[in-house]
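**Q** What follows is a single structure, and I will ask about it in a moment.
The values are calculated or read from the model by the stated rules, or taken from the named source; none is laboratory data. Since this is a predicted model, take the numbers as computed values, not measurements. Every residue, glycine as well, gets a Cβ built from its backbone with ideal geometry; the counts of neighbours run over all protein chains shown. Surface accessibility is based on the protein's heavy atoms, side chains included, excluding ligands, DNA and RNA. Shrake-Rupley method; radii C 1.70, N 1.55, O 1.52, S 1.80 Å.
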Amino acid sequence: MNNTFDFNRFKKVLARDYRATYSRFGLAALILSLLVVTVWIFYLVWDNTFHYIAEPDWVDYQIAIGERFSTILSGIAISFAIAPATIYKSCNLKGRGNYYAMLPASHLEKYLSMFFYCCIVAPLAVLLGSFIVDTLLTLLPIGYFKGFIWNWSDFSEDYFVEYISSFIAFLFLTSSIFMFTNTLFKRAKFIKTALWLMLIGFVLLITDIAFPALFDFIGSFLVKFIIMLIISFVLQFFTYRRLKRMQY
Amino acid sequence: MISLKDFSFSYRKTKVFDGINLQFEKGAIYGLLGENGVGKTTMLKAISGLLRPTAGSCTVDDHRSFDRKPEFLEKIFFLPDDLPLPDDATPQRFFREFSVFYPHPDYQRFERLSAELHTDPSRKFKEMSLGQQKKALIACAMALNTEYLLLDEPTNGLDIPSKSDFRRVLAENVKNGQTIIISTHQVKDVETLINPIVIISNSQVMLNATVERITEKLYFQYGPEQLPNALYSDMVAGGYVNVLINNGLGESQLNLEALFNTVLQRQETIYDLFHNDNSNNNQ
């Protein structure tokens with residue numbers, strides 16, 4: 001028997017984790033997919049009311065596709081952050097985590113499945129859901145969503161490639177941080193991680209003020225990109241290691 | 001075979017086991033007895049790979065438990081006492097979800113055992129009483145047909161008829177070559193079921209012997225009065241049970257509760273009696 005990786009066994013872990021993802025993350029994915037609706041409602045109700053009184057030609061206004069796209073990306077970023085603590089909440093808990101630990105599958109299979117659902121399936125579900133919701137809102141005769149999101153001209157701009165690669169690296173980092181802290185903290189995982197990140201951010205801010213030259217160097221796109229990837233891979237490794245050495 | 005060699009375990013500064021040696025042979029229903037907090041659950045967790053020994057080793061068929069390799073994990077199932085369950089799950093779903101990972105699950109056996117234990121496998125766990133949940137999980141655990149089955153305080157929360165059902169179901173359904181370890185402090189509940197008996201106390205294994213071996217070494221005398229030379233005496237219906245060293249007194253019927261109390265109260269005597277003997281398999 002291959003004790004490290006067996007594809008048939010891995011499929012079983014995926015199937016089991018799918019049920020957990022569906023039941024625990026389904027509602028969160030739906031809510032995050034509906035984030036774009038808040039933008040739609042905000043402009044329809046709030047801005048329309050006030051601007052229409054001041055500027056009667058407001059009816060021709062349309063919300064920039066970039067704004068809609070940013071909202072969708074925010075939803076995806078949140079999904080990266082909450083997916084580990086939602087889907088694999090009990091993976092490091094005494095009692096509740098027993099069955100996860102004793103499931104006859106290898107550490108690698110369990111880790112890969114966790115990675116697959118937290119880093120690929122959960123954000124893709126939100127992306128797909130958001131695109132569907134955005135499209136439906138665009139098709140409505142009311143509101144200010146004009147033009148389908150995939151027709152956004154900025155997609156073809158050169159800077160967009162740089163923007164999107166740094167954003168993907170940032171998301172990977174976010175996911176890696178939250179996957180790691182999900183194996184580290186027992187309770188209030190999301191809040192504790194957020195507080196730690198704020199503390200680290202504060203320290204970095206102080207360092208930036210004290211050593212501006214250092215941050216000028218780090219601030220370049222490529223260096224930032226590489227640093228984010230290195231930290232992400234290190235955290236992924238430690239997540240795997242903690243799963244392997246966890247006591248219950 | 002489960003083997004603990006020079007096994008030590010501590011929770012931070014609290015020492016639970018200190019260099020114990022213990023073996024659980026295949027094909028028997030072991031009773032793992034001890035007072036509350038003595039480390040029975042810790043031992044079961046270490047055997048099932050949930051805890052890492054602080055020193056020594058814990059192996060199951062030559063697999064180090066804590067490595068938690070699939071080949072080891074599919075041989076063993078541990079049913080803890082305080083198992084949190086998904087509220088919306090049914091025993092049926094629970095069994096189906098886990099059984100795909102084990103080599104010899106038997107769904108028909110699961111349904112039969114559920115019926116024998118008077119639980120409805122299609123009912124949600126959250127709608128069941130603690131005793132019913134426990135019985136449903138026992139049915140799941142037994143139907144997985146693992147080589148090793150570890151049951152931690154299985155009779156906790158069961159009413160008197162359910163305890164009888166549990167004993168009957170376990171006795172009738174244990175598979176050839178299957179090893180079951182039942183940990184409990186309620187010794188009466190498993191009296192007729194277990195053989196051999198392991199008693200732990202003070203971070204040590206005080207006793208690991210078959211019933212035959214125990215009654216060879218100790219004599220359980222039932223009479224109207226306490227005997228002055230008894231290692232331990234206790235009241236039973238109609239008189240007393242006196243535990244004596246069996247110096248050719250013959251065979252007697254083991255009283256598990258009296259044995260348990262004797263071991264706890266006369267630790268040195270019992271230790272010498274059973275450990276200075278090569279025929280005992282655990283040392």
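**Q** Among the residues of segment A:182-195 satisfying the criterion of being within 12 Å of A:Cys91 (Cβ to Cβ) and of a type outside the set (Lys, Arg), which is most open to solvent (accessible area, probe 1.4 Å)?
**A** That would be A:Leu184.
**Q** Looking at this structure, is A:Leu137 closer than 30 Å to A:Ile41 by Cβ, away from every other protein chain (no Cβ under 14 Å) and assigned to a helix (DSSP H, G or I)?
**A** Answer is yes for this residue.
**Q** Now a separate question. Show the residue pairs that are 6+ apart or on different chains and have beta-carbon atoms under 6 Å apart, the first residue being within segment B:42-53 and facing chain A (nearest Cβ under 7 Å), the second being open to solvent by 10 Å² or more (accessible area, probe 1.4 Å) and assigned to a loop (DSSP other than H, G, I, E, B).
**A** As it stands, the answer is B:Leu51/A:Gln247; B:Arg52/A:Gln247, since those pairs meet every condition given.
Yes or no, residue by residue, for (1) in a loop (DSSP other than H, G, I, E, B); (2) open to solvent by 20 Å² or more (accessible area, probe 1.4 Å):
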{"position": "B:Gly31", "(1), (2)": "no, no"}
{"position": "B:Asn36", "(1), (2)": "yes, yes"}
{"position": "B:Met43", "(1), (2)": "no, no"}
{"position": "B:Leu50", "(1), (2)": "yes, no"}
{"position": "B:Cys58", "(1), (2)": "no, no"}
{"position": "B:Phe77", "(1), (2)": "no, no"}
{"position": "B:Pro86", "(1), (2)": "yes, yes"}
{"position": "B:Arg93", "(1), (2)": "no, yes"}
{"position": "B:Pro105", "(1), (2)": "yes, yes"}
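**Q** A further question follows. Suppose we filter B:Phe24, B:Phe94, B:Phe72 for residues that are at pLDDT below 95 and hydrophobic (A, V, I, L, M, F, W, C); which single one remains?
**A** B:Phe94
**Q** Oh, and also: Is at least one residue of segment B:112-127 within 14 Å of chain A (Cβ to nearest Cβ) and within 23 Å of A:Arg19 (Cα to Cα)?
**A** yes
**Q** Ok, one more. Looking at B:Glu97, is it within 14 Å of another protein chain (Cβ to nearest Cβ), without any contact (Cβ under 8 Å) to a residue 40 or more places away in the chain and touching a Lys or Arg at 6+ places or on another chain (Cβ under 8 Å)?
**A** Yes; evaluated as a whole, the condition is true for this residue.
**Q** Consider segment A:88-109. How many of its residues are of a type outside the set (A, V, I, L, M), open to solvent by 10 Å² or more (accessible area, probe 1.4 Å) and in a helix (DSSP H, G or I)?
**A** Going through segment A:88-109 one residue at a time, the tally reaches 3.
**Q** Does segment B:145-178 hold any residues that are within 22 Å of B:Arg96 (Cα to Cα), within 15 Å of the chain's Cα centre (by Cα) and among the polar types (S, T, N, Q), and which are they?
**A** Answer for segment B:145-178, where residues must be within 22 Å of B:Arg96 (Cα to Cα), within 15 Å of the chain's Cα centre (by Cα) and among the polar types (S, T, N, Q): just B:Gln178.
**Q** Could you list, in sequence order, the residues of segment B:107-130 that are closer than 19 Å to B:Ala171 by Cα and either in contact (Cβ under 8 Å) with a residue 40 or more places away in the chain or not in a loop (DSSP other than H, G, I, E, B) (or both)?
**A** The answer is B:Gln108, B:Arg109, B:Phe110, B:Glu111, B:Arg112, B:Leu113, B:Ser114, B:Ala115, B:Glu116, B:Leu117, B:His118.
**Q** Among the residues of segment A:213-248, what is the count of those that are of a type outside the set (A, V, I, L, M), away from chain B (no Cβ under 14 Å) and open to solvent by 70 Å² or more (accessible area, probe 1.4 Å)?
**A** The total comes to 6.
**Q** Please specify each residue of segment B:16-45 satisfying the condition of being of a type in the set (Gly, Ala, Ser) and under 14 Å from the mean Cα position of the chain (by Cα).
**A** Those that are of a type in the set (Gly, Ala, Ser) and under 14 Å from the mean Cα position of the chain (by Cα): B:Gly27, B:Ala28, B:Gly31, B:Gly34, B:Gly39.
**Q** Now for a separate question. So, A:Gly75, is that one at pLDDT 85 or above and buried (at least 16 other Cβ atoms within 10 Å of the Cβ) or not?
**A** yes
**Q** Count, please, the residues in segment B:71-82 that happen to be facing chain A (nearest Cβ under 7 Å) and in contact (Cβ under 8 Å) with a residue 24 or more places away in the chain.
**A** Selection size over segment B:71-82: 4.
**Q** Could you list, in sequence order, the residues of segment B:60-73 that are in a loop (DSSP other than H, G, I, E, B) and open to solvent by less than 40 Å² (accessible area, probe 1.4 Å)?
**A** B:Asp61, B:Arg68, listed by residue number.
**Q** Another question, if that's okay. Taking only pairs six or more apart or across chains, which ones have beta-carbon atoms under 9 Å, a first residue in segment A:62-73 that is in contact (Cβ under 8 Å) with a residue 60 or more places away in the chain, and a second residue that is among the acidic types (Asp, Glu) and open to solvent by less than 20 Å² (accessible area, probe 1.4 Å)?
**A** Short answer, once both residue conditions are applied: A:Arg68/A:Asp134; A:Phe69/A:Asp134; A:Ile72/A:Asp134.
**Q** Okay, next question. Among the numbered criteria (1) within 30 Å of B:Pro80 (Cβ to Cβ); (2) part of a loop (DSSP other than H, G, I, E, B), which one does A:Phe116 miss?
**A** Every condition holds for A:Phe116 apart from (2).
**Q** Pairs needed: first member in segment A:219-248, touching a residue at least 24 places away in the same chain (Cβ under 8 Å) and farther than 17 Å from A:Leu197 by Cα; second member anywhere, open to solvent by 50 Å² or more (accessible area, probe 1.4 Å) and among the basic types (Lys, Arg); C-beta distance under 8 Å; at least 6 residues apart or different chains.
**A** A:Tyr248/A:Lys94
**Q** Need pairs with beta-carbon distance below 7 Å; first residue in contact (Cβ under 8 Å) with a residue 60 or more places away in the chain and within segment A:1-13, second assigned to a loop (DSSP other than H, G, I, E, B) and open to solvent by 80 Å² or more (accessible area, probe 1.4 Å); sequence gap 6+ or separate chains.
**A** From segment A:1-13, the pairs are A:Asn3/B:Lys69.
**Q** Next up: Residue by residue through segment A:162-181, note down the ones that are crowded, with 21+ Cβ neighbours inside 10 Å and within 21 Å of A:Ile72 (Cβ to Cβ).
**A** A:Thr174, A:Ser175, A:Phe178
**Q** Please enumerate the residues belonging to segment B:246-277 that are among the β-branched types (Val, Ile, Thr) and either open to solvent by less than 20 Å² (accessible area, probe 1.4 Å) or touching a helix residue (DSSP H, G or I) at 6+ places or on another chain (Cβ under 7 Å) (or both).
**A** B:Thr262, B:Val263, B:Ile270
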